[in-house]
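Peer 1: For reference, the structure I am asking about is given below.
Nothing in this text is a laboratory measurement; each read-out follows from the coordinates by a stated rule. Since this is a predicted model, take the numbers as computed values, not measurements. Here the Cβ positions follow ideal geometry from the backbone for every residue, glycine too, while neighbour counts run over all protein chains shown.
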Amino acid sequence: MKPCLLWTVLVALSIAMPASGRQADEQQLTLDRCVAVALERNPRVLASREDHRAAVARVNQARALPQPVFALDSDLQPRPFHFAGSAERYLGVVQTIEFPGKRAARGGMAATEAGQVEADADLLRLELTYEVTEAFNNVLLAEERLKHAEEDRRLSREFLSQTELKHETGDVAQVEVLRARLEASQAEAAVRVAANDVTLGKARLNFLLARPEDAQLSVLGALKQPSVLLDLSELKHRALSLRPELKRVQFSVDRERLHTRQASLAYFPDFEVGFAQHSLSGQPQSWDVTLSLPIPLFFWQSKKGEIAEAQATLAGAQRELEHLRGAIGLEVEQAYRKTLTAQQQIDLFEREILKQAEEAYQMFAFSYAEGEIGGLELIAARRTLLQARQSYAQALYDSNVAVAALNRAVGR
């Protein structure tokens, strides 16, 4: 092979190998990686970022100063719009000056609204983290059920082979063979259902990760009992400091306080300052300064209503904040109790149920092989074993989802 051709092949391989490695890494995802991808790519998260950017932009708009006004007053014109023949002219600018505190209150209200939007974005990320965690564990559960269904199919096939052999030797009737074939068919159907559940679970996870639903996906992890901080008072304390809903309502309270202040400041009028050059035919140029101050004689009733509305809204926001604190404490306690129940269920399976189901099946399988029992007893034992394994996987799933719900309730 020519040196230049060999060099070209080596370069192509060096480019292709990292790309394939990146593709494999992207397809095999841990839970932490799934959460990170969702928070980076999910359209809802991206939309919330744009909403926050828009809210921040409105803060600058609210704090903007009134624009000056250019003023031209052309008097004593010989005919309309004959500016050149004007005998008297005023040329200057007029600037509106707001009463002190109005601009600060308006900007503060816009800033609190931006804080509310940011709190909504934090809440969305918190909910999305829970959804991804639940979907990830759902895939693990579906794969675990598929594994148990395949094992049950293997046992049912062994049972069928054993029963057919017994029938050939005259130890069992034809009805026993039919029953064994039915069990094998049902086990085969259960495998197909379990495989379909795996496909659907991966499609949902891909959806949350903003990936094509049919994209190849392999999750790295296993259903196992999670560890969790079991100090209820500490969890409640954290929730009251971390939950985005509390931050949002607190921003709402601050906004209504500023709204009340803004409504009170509306009693005080703004004023205008004008500065112009005065030109009069046959006279030297002079300067003209004007100061105008509106008198709010006819606006007291509406302003009183605005203040009353702001005060009532503020009181409502404070009550909502008080209610939300209690609701969050209750939510944390409920999630905490569910986590404890799930862990107790797992302990019961590991300590008693799984071992007893395994021993019972082995005992019945031996007894059937020796001809001491019929096929119905062995079928019941196999189904019990399958149910125990499936229920144990469900308990592990419930425990992981309960911990995820507890983290969501705490605000982590």
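Peer 1: Would you work out the charge dipole size for the stretch 276-412 about its Cα centre, treating the Cβ of every Lys and Arg as +1 and the Cβ of every Asp and Glu as -1, and quote it to the nearest 20 debye?
Peer 2: Dipole size: approximately 440 debye.
Peer 1: Could you give the nm distance between label points at Ala315 and Gln77, where each point is 7 Å from its Cα heading toward the beta carbon?
Peer 2: Output for this residue pair reads 5.7 nm.
Peer 1: Still on this structure, I have one more. Given R₀ = 45 Å, FRET efficiency for Arg63-Leu330 by Cβ-Cβ distance, to 0.05?
Peer 2: According to the calculation, E is roughly 0.65.
Peer 1: Would you please state the base-10 log of I(q)/I(0) at q = 0.11, 0.19, 0.20, 0.23 1/Å for the stretch 44-157, with intensities from the Debye formula using one equal scatterer on every alpha carbon?
Peer 2: The Cα Debye sum returns log10 ratios of -0.71, -1.00, -1.04, -1.15.
Peer 1: Suppose the chain between Asp32 and Ala210 were pulled fully straight at 0.36 nm per residue; how much longer would it get relative to their current alpha carbon spacing?
Peer 2: Going from the current span to full extension adds 62.5 nm.
Peer 1: Are there any GluC sites (Glu not before Pro) in the stretch 202-261 that are in a DSSP loop and have at most 14 other Cβ atoms within 10 Å? List them by number.
Peer 2: Taking the stretch 202-261 and a limit of 14 other Cβ atoms within 10 Å, the loop GluC sites (Glu not before Pro) found are Glu213.
Peer 1: Continuing with this model, one more query. Kindly give Rg over Rh for the stretch 35-410, based on alpha-carbon atoms, with the Kirkwood expression for the hydrodynamic radius.
Peer 2: Taking Rg over the Kirkwood Rh, I get 1.34.
Peer 1: So, with +1 on the Cβ of K and R and -1 on the Cβ of D and E, and no other charges, what is the size of the charge dipole of the chain about its Cα centre, to the nearest 20 debye?
Peer 2: Result for the chain is approximately 1180 debye, rounded to the nearest 20.
Peer 1: On to the next question. Take the Cα pairs of the stretch 248-358, get the Kirkwood Rh, then feed it into Stokes-Einstein at 37 °C and 0.692 mPa s and tell me D in µm²/s.
Peer 2: Rounded, D is 157 µm²/s.
Peer 1: Another one. Quick one: of the DSSP bridges fully inside the chain, what percent are antiparallel, nearest 5?
Peer 2: Taking every DSSP beta bridge within the chain, about 90 percent pair in antiparallel fashion.
Peer 1: What FRET efficiency would be calculated for the residue pair Phe366, Ser227, taking the C-beta separation as r and a Förster radius of 22 Å, to the nearest 0.05?
Peer 2: 0.05
Peer 1: Full-extension gain between Glu188 and Phe275, please, as 0.36 nm times their residue separation minus the C-alpha to C-alpha distance.
Peer 2: 22.1 nm
Peer 1: Next question. When we measure straight from the Cα of Lys147, which lysines land under 24 angstrom away, once same-chain ones fewer than 8 places off are left out?
Peer 2: Correct list for Lys147: Lys202, Lys224, Lys355.
Peer 1: Another question about this same structure. From the residues Leu291, Leu124, His237, which one has its Cα farthest along the dipole of the chain in the positive direction, the dipole being from +1 and -1 charges on Cβ of Lys/Arg and Asp/Glu about the Cα centre?
Peer 2: Leu291
Peer 1: So what is the 222 nm mean residue ellipticity for the chain from helices alone, if each DSSP H run of at least 4 adds -39500 (n - 2.57) and you divide by all residues, rounding to the nearest 500 deg cm²/dmol?
Peer 2: Roughly -25500 deg cm²/dmol at 222 nm, from the helical runs in the chain.
Peer 1: Which aspartates and glutamates have a Cα lying under 14 Å from the Cα of Lys236, excluding residues fewer than 8 positions away in the same chain?
Peer 2: Glu331, Glu333
Peer 1: Counting pairs of Cα atoms in the stretch 167-301, how many percent are more than 21 Å apart?
Peer 2: Value for the stretch 167-301: 80 percent of Cα pairs lie more than 21 Å apart.
Peer 1: Let me ask something else about it. To make sure I understand the rule: partners must be aspartates and glutamates, Cα under 18 Å from the Cα of Lys338, and not fewer than 8 residues away in the same chain. Which ones qualify?
Peer 2: Glu131, Glu134, Asp231, Glu234, Asp347, Asp398
Peer 1: To continue, here is another question. Taking amide H atoms as placed 1.01 Å from N in the peptide plane, list the residues 5 or more away in sequence, or in a different chain, whose amide H sits under 5 Å from that of Phe271.
Peer 2: Ile97, Phe99
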